[in-house]
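Worksheet for the structure shown next.
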Amino acid sequence: MSTTLDEQVTQAHAHIDILRSNLSQVIHGKRESIEALLVALMAGGSVLMEDVPGVGKTTLAKALAKSIDVLYHRVQFTPDLLPADILGSPIYNPVDGTFTFREGPIFCNVLLADEINRASPRTQSALLEAMSESQVTIEGMPHTLPSPFLVLATQNPVEYHGTYPLPEAQLDRFMVYLDLGYPDVETEVGILFAQAEKHPLESLEPVLSKQDVQEIQRLVRAVHVDESVARYIVEIVDATRNDSRLKLGVSPRGSLMLFRATQAAALCDGRNFVTPDDVQNLSGYVLPHRIMLTSKAKYGSHTKQQIIKEIVKQVHVPT
């Protein structure tokens, strides 16, 4: 007996709620960040996390991978890292004179690109095709990556020593940008006691399978988006292209990612339709890293997040 869309949404919402609770056992006081991460996962997008060391970026990535029972690899990005160290390379067999392709760590479901901006631009670019098309091309041959595939990248602030700013083309391929920030005092006290005997990650168990995630990702695309809401997304994006404080606005890829993210957000909330509130809530995670400030705005009091927030307030909300 086939299930209706409402029944599928209810079941998916229950699964997402279990995953949300599982992550909350390890990541304390970061409810909004967990929500944005779940949206990216279910929408099939990648996540960039920027903050000072030690605020839980790597822990969040590990917790997600353990919770959904998928193949997880971690690559520590360093200045001497080469593209082949991530993608893999052909290995010569002197016995029969043939080459055998050896897969690199990118062949997994969840790739943690730790401190991605410590590697050279050449190495960073090795992720571009993977993040856009879920495949890599090596020696002219395309190789499909496992499904689901998700890049969780961490980066240190650009003013830190030994960092290379990510190029705009790569930033544009991340669906969600997270800035975890320091926990409040009460939360940090709780973290101390939670890790007094062992790290919560050690006892974390999978709550979803790879197949569960794939089913939810397919269901996300069935979530209804009214034309007025889609137009609302485009009008917000278009406003970034005409703002005098910006020399680079949001690309059409950004529109598509916001569109898909709102579908996932609705599903995470147990709905089969998108509302303007979803657009407003996700804009601050999906759009700021895609814009570039003018020199005047950069050295003024403006931040990318503030500008996006102001633009969203200025655009007419559909009823």
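Could you tell me whether any residue of segment 67-83 is over 21 Å from Glu129 (Cβ atoms), surrounded by 18 or more Cβ atoms within 10 Å (Cβ to Cβ) and touching a residue at least 12 places away in the same chain (Cβ under 8 Å)?
We begin by selecting, within segment 67-83, every residue over 21 Å from Glu129 (Cβ atoms); these are 67-69, 76, 78-80.
Then keep just the ones that are surrounded by 18 or more Cβ atoms within 10 Å (Cβ to Cβ); that gives 67-68.
From what is left, the residues that are touching a residue at least 12 places away in the same chain (Cβ under 8 Å) are 67-68.
Within segment 67-83 (the criterion being over 21 Å from Glu129 (Cβ atoms), surrounded by 18 or more Cβ atoms within 10 Å (Cβ to Cβ) and touching a residue at least 12 places away in the same chain (Cβ under 8 Å)), the answer is yes, since at least one residue qualifies.
If you check Asp85, Asp17, Asp96 for being in a helix (DSSP H, G or I), assigned by TED's automatic domain parsing to the domain that holds Asp172, farther than 22 Å from Cys268 by Cβ and acidic (Asp, Glu), only one passes: Asp85.
Quick check, is Ala261 closer than 21 Å to Leu19 by Cβ, in contact (Cβ under 8 Å) with a residue 24 or more places away in the chain and either surrounded by 23 or more Cβ atoms within 10 Å (Cβ to Cβ) or not assigned by TED's automatic domain parsing to the domain that holds Gln8 (or both)?
Criteria met by Ala261.
When segment 183-206 is filtered for residues that are out of contact with any Asp or Glu (no Cβ under 8 Å at 6 or more places or on another chain) and outside any helix (DSSP H, G or I), the ones remaining, listed by number, are Pro183, Asp184, Gln195, Ala196, Glu197, Lys198, His199, Leu204, Glu205. Listed by position, the helices (runs of 4 or more DSSP H) contained in segment 253-319 that have at least 1 residues being within 23 Å of Val213 (Cα to Cα), within 22 Å of the chain's Cα centre (by Cα) and modelled with pLDDT of 95 or more are 276-286.
Would you tally the residues in segment 99-122 being part of a strand (DSSP E or B) and of a type in the set (Gly, Ala, Ser)? Lay out the reasoning, then the answer.
Kept after step one, since they are part of a strand (DSSP E or B), are these residues of segment 99-122: 99-103, 110-114.
From what's left, of a type in the set (Gly, Ala, Ser): 113.
Matching residues across segment 99-122 total 1.
How many residues are aliphatic (A, V, I, L, M), more than 22 Å from the chain's Cα centre (by Cα) and at pLDDT below 90 if we restrict to segment 39-97? Explain how you work it out, then say what you get.
Start the filter on segment 39-97 by keeping residues that are aliphatic (A, V, I, L, M), which leaves 39-43, 47-49, 52, 55, 60-61, 63-65, 68, 70-71, 75, 81-82, 84, 86-87, 91, 95.
Within this subset, residues satisfying the condition of being more than 22 Å from the chain's Cα centre (by Cα) are 81-82, 84, 91, 95.
With the extra rule that they be at pLDDT below 90, the set shrinks to 91, 95.
So the count comes out to 2.
The values are calculated or read from the model by the stated rules, or taken from the named source; none is laboratory data. Model, not experiment: these values are computed from the prediction. Positions of Cβ are backbone-derived with ideal geometry, glycine not excepted, and every protein chain shown enters the neighbour counts.
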